[in-house]
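Here's the structure, in structure tokens; my notes come after.
Bear in mind these aren't lab numbers, they're just calculated from the coordinates by the rules spelled out. Computed from a prediction, not measured in an experiment: that's the story for all the values here. Reconstructed Cβ throughout: ideal geometry from the backbone, glycine too, with neighbour counts over all protein chains shown.
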Amino acid sequence: MATIAVVAVNETPLFHLSVPCEVFGANRSEDGVPRHEVRVVAGEPGPLQSSSGVVLQTPYSLDAIADADLVVVPWWRHYDDEQPPAALLEALRVAHRRGARIAGLCGGAFVLAAAGLLNGRRATTHWMFTDKLARLYPAVRVEPKVLYVDDGDVLTSAGTAAAIDLCLHLLRTSNGAEVANKVARRMVVPPHRAGGQAQYVDTPVPVVLERDPLGEAVRFALANLDKPLTVDDLAGEAAMSRRTFARQFRARMGASPLQWLLTQRTMLAQRLLETSDLPVEAVAYRSGFGSAVALRAQFQRALGTSPREYRMTFSRSAAAALECAVG
């Protein structure tokens, strides 16, 4: 059981606070989702109130961060340039030094920056505050347009729905794509939006409708990921010119058609590695990469691992072997 500490401070919006609690803390063991211990931690002396005035009674103090595997800071009231409490900043530095992953959601990025954890790193926050983050912390390489940034052991996200995306990404990297997909289905949200997707899209959470030309192209692509699809192929399914299709696709999905295709193929390869015993070459073919060499290159770029290592970590057979070894 992994331990996740979620830091609450005065004026934290309830939605921001609830996102990591819902993604990691809800009991979905009947769906085969591993349990996590979620600790809501007071990041400053109480009594604490949410942004809507709800009184927050947190069961843990900053000491509970000491052995957490992941520390999530959902928010900080950065609009008045108030510095986060020194005790909170030091607790984050200590947790990071001992190997915990640290995540800042939306305004929480300002806390990570104040702790020095973002110096020399890529980071993001809500698009309304990226200029301010760059101005206050010039050592941070602010990326203003993306949904979230995974810089290894320190991660940051934009606001609201992007916080869900980052938490699902963290769940995916720790427990595998199948587990993250199950949680996303229960939450009725898209299972994966790539971190590099733009914050500014017409529809923040893409909706694909019946008899929607763009939807027809998406359904066609998902049913034919093993084939060498081109933008022209997808534009043809939507009965649009290539240029019009590419423009409308990016506006709706927040990524180019080829970027989106690469993400879908990677997700399919992850699921096949987790749930089947197919050889890596066959997984590469079925997910549209064409060869094991291409699949290995993509996994290294996107996931920092190889298909073989990914399967050893997240496959059902590996999980069963671990249960036998432990129990």
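Can you tell which of V7, G236, Q57 lies farthest toward the positive end of the dipole of the chain, using +1 and -1 charges on the Cβ of basic and acidic side chains (Lys, Arg; Asp, Glu)?
Farthest towards the positive pole: G236.
State, as an integer percentage, the relative contact order of the chain based on alpha-carbon contacts under 8 Å between residues 6 or more apart.
On the way: 570 pairs, mean separation 36.5, N = 327.
It rounds to 11 percent for the chain.
Of L222, T313, G46, which is farthest on the positive side of the dipole of the chain, counting Cα position, with +1 on Lys and Arg Cβ, -1 on Asp and Glu Cβ, and the Cα centre as origin?
It is L222.
So which trypsin sites (Lys or Arg not before Pro) in segment 210-251 pass both tests, a DSSP loop state and at most 15 other Cβ atoms within 10 Å of the Cβ?
Filter output for segment 210-251: R211.
Between D232 and E82, how many nm apart are label points set 7 Å from Cα along the C-beta direction?
6.0
Need the full-extension length gain, R98 to L136, defined as separation in residues times 0.36 nm minus the C-alpha distance. One decimal, nm.
Extra length available between R98 and L136 comes to 11.0 nm.
Suppose each label sits 7 Å from its Cα in the direction of the beta carbon; what would the R35-S61 distance come out to in nanometres?
Between R35 and S61, the simple spin-label model gives 2.7 nm.
K145: which aspartates and glutamates have alpha carbons under 16 Å from its alpha carbon, excluding same-chain residues fewer than 8 sequence positions away?
Hits, sequence-local ones excluded: D131, D165, D202.
DSSP loop (so not H, G, I, E, B), at most 10 other Cβ within 10 Å: list which trypsin sites (Lys or Arg not before Pro) in segment 55-147 pass both filters.
R98
Would you mind listing how long the chain runs along its three principal axes, going by Cα atoms, in whole Å with the largest first?
Cα spread of the chain along its principal axes, largest to smallest: 58, 53, 35 Å.
What size of dipole, in debye to the nearest 20, comes out for segment 213-254 about its Cα centre when the only charges are +1 on Lys and Arg C-beta atoms and -1 on Asp and Glu C-beta atoms?
260
Of all DSSP beta bridges located in segment 1-150, what percent are antiparallel, nearest 5? Display every interim value, and only then the final one.
Working: 2 of 20 bridges.
Within segment 1-150, antiparallel bridges account for around 10 percent of the total.
So for the chain: antiparallel DSSP bridges make up what percent, rounded to the nearest 5? Before the final figure, lay out each step's value.
Working: 6 of 28 bridges.
Of all bridge pairs located within the chain, approximately 20 percent are antiparallel.
Taking DSSP loops as anything outside H, G, I, E and B, show the longest stretch in the chain free of GluC sites (Glu not before Pro) there with at most 12 other beta carbons within 10 Å.
83-209
Between M128 and E22, what's the calculated FRET efficiency when r is the beta-carbon distance and R0 is 30 Å? Round to 0.05.
0.80
Once fully extended, how much extra length lies between E309 and E90, figured as 0.36 nm per residue of separation less the alpha-carbon to alpha-carbon distance? Don't skip to the answer; put the middle values down first.
On the way: separation 219, 0.36 × 219 = 78.84 nm, distance 3.47 nm.
This chain segment gains 75.4 nm when fully extended.
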